[in-house]
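Working notes for the structure below.
No lab work stands behind these numbers, since they all come straight from the coordinates. Every value quoted in this text rests on a predicted model; they were computed, and no experiment measured them. In this analysis, Cβ positions are derived from the backbone assuming ideal geometry, glycine residues included, and neighbour counts consider all displayed protein chains.
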Ligand code: DX5
Ligand code: ZN
């Protein structure tokens with residue numbers, strides 16, 4: 001169980017400082033939102049941004065591609081230093097072959113589903129996935145409320161994954177805050193992406209301390 005800091009919520013004028021702070025707080029995963037203005041109605045940030053952060057950190061770089069055509073950019077993001085590339089199940093491409101292309105570049109893979117997508121859609125892709133990402137909001141913007149109907153998908157996925165002989169972590173993204181981690185973790189999440197819930201908090205260090213304390217307690221209790 002881990003918390004991932006989403007740099008969409010960071011202060012872009014002090015990006016280096018916000019990365020250093022995340023490390024100091026004990027964050028091991030940095031989450032990057034990449035948006036093409038088509039798959040989602042927003043634009044952010046490109047491989048150069050990932051490469052810039054890569055040059056100053058050894059954190060795991062978790063790159064979330066909200067792009068209609070991620071296949072075109074895989075090489076660029078791998079070269080930029082991404083450790084994991086997340087693609088969406090909703091893209092109009094052969095999802096399994098895109099996942100294979102990511103693996104062929106020695107990068108980890110993750111498949112994501114939007115709020116309206118049935119978790120069953122993920123099942124045929126699990127053989128090529130190192131992680132799954134459940135959106136708890138409509139992707140595109142930080143600072144939204146996590147949706148209860150999306151949290152309800154987690155136990156369905158948990159059951160699906162627990163039947164496999166391989167452990168695949170479930171990551172959740174959108175609206176995760178200290179105040180709602182309990183129902184989200186109870187539902188089966190392993191990795192919590194936090195943007196405004198972290199960088200927008202009055203005491204981000206305290207948020208990470210509390211969230212990590214809860215995650216450690218659960219690992220001790222549940223063994224995962
Ligand atoms: C939303 C992005 C999220 C975003 C989360 O489309 O995928 O990663 O940064 O931000 P918060 O935590 O503010 O909802
Ligand atoms: Zn994201």
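Tell me, 39, 32 in order of fewest to most beta-carbon neighbours within 10 Å?
Ranking 39, 32 by Cβ neighbours within 10 Å, fewest first, gives 39, 32.
Please give the residues of segment 193-224, grouped as numeric ranges, whose backbone N is less than 12 Å from a label point set 7 Å along the Cα-to-Cβ vector of residue 179.
197
Provide 176, 208, 137 in ascending order of the number of other Cβ atoms located within 10 Å of each residue's Cβ, fewest first.
Fewest-to-most ranking of 176, 208, 137: 137, 208, 176.
Per the Kirkwood formula on distinct C-alpha pairs, the Rh of segment 29-182 is how many angstrom?
So the Kirkwood estimate lands at 15.7 Å.
Relative contact order for the chain: what percent, with Cα pairs under 8 Å and sequence separation of 6 or more?
20 percent
Need one number: % antiparallel among DSSP beta bridges in the chain, to the nearest 5.
5 percent
Counting other C-beta atoms within 10 Å, which of 63, 95 has the fewest, and how do the rest follow?
Listed from fewest to most nearby Cβ atoms, that is 95, 63.
Using the beta-carbon distance between residue 93 and residue 42 and R0 = 30 Å, what value does 1/(1 + (r/R0)^6) give for FRET efficiency, to the nearest 0.05?
Given R0 = 30 Å and the Cβ-Cβ separation, E is 0.90.
Tell me the relative contact order for segment 1-95 as a rounded percent, counting alpha carbon contacts under 8 Å between residues six or more apart.
25 percent
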